[in-house]
Amino acid sequence: MATIARPRPAALTLTPSAHARIAELMGKAPAEAIGVKLSTPRRGCSGLAYSVDYVTEAKGMDERIDTPGGTLFVDGGSLLYLIGSTMDWVEDDFTAGFVFANPNAKGACGCGESFTV
């Protein structure tokens with residue numbers, strides 16, 4: 001009897017607008033960029049912040065999520081803070097940016113810059 005492995009679900013879900021924004025970023029990325037990377041550096045008044053940057057090499061512990069427009073890497077050290085999250089791209093008259101619905105976040109600062117788990 002052969003064992004059949006099913007694909008593991010992605011660590012986070014991306015909305016169609018997040019997919020489109022990653023495609024747009026990769027369309028104008030530096031030549032050496034292999035994708036964009038989501039991480040949660042320690043920053044802000046609540047402790048952790050979301051950061052999305054170009055990446056030129058994948059680290060062994062990074063989670064790789066292939067999207068129609070390019071590859072999103074999730075920092076291995078940030079993964080536990082992000083599992084089950086939804087990543088969206090939102091634009092209005094005054095701001096534009098990635099927005100996260102994170103079920104692991106227990107609180108956020110008033111300005112929305114950082115969160116705590």
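The values are calculated or read from the model by the stated rules, or taken from the named source; none is laboratory data. Just so we're clear, the structure is a prediction, and the values are computed from it rather than from any experiment. Surface areas here come from the heavy atoms of the whole protein model, side chains and all, with no ligands, DNA or RNA. Shrake-Rupley method; radii C 1.70, N 1.55, O 1.52, S 1.80 Å.
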**Request:** Determine the gain in length on full extension of the stretch residue 95-residue 4; use 0.36 nm per residue of separation and subtract their C-alpha separation, reporting nm with one decimal.
**Result:** 28.2 nm
**Request:** Calculate, in nm to one decimal, what residue 23 and residue 51 gain on full extension: separation in residues at 0.36 nm each, minus their alpha carbon distance.
**Result:** 8.4 nm
**Request:** Arrange the residues 86, 95 by how much accessible surface each exposes, largest first, with a 1.4 angstrom probe.
**Result:** 95, 86
**Message:** For residue 55, what accessible surface area do you get with a 1.4 Å probe? Give it in Å², rounded to 10.
**Reply:** 10
**Three-way shape call for the stretch 57-109 based on the alpha-carbon gyration tensor, with the a/c threshold at 1.5** = oblate
**Message:** Not counting ligands, DNA or RNA, and with a 1.4 Å probe, what is residue 74's accessible surface area in Å² rounded to the nearest 10?
**Reply:** 0
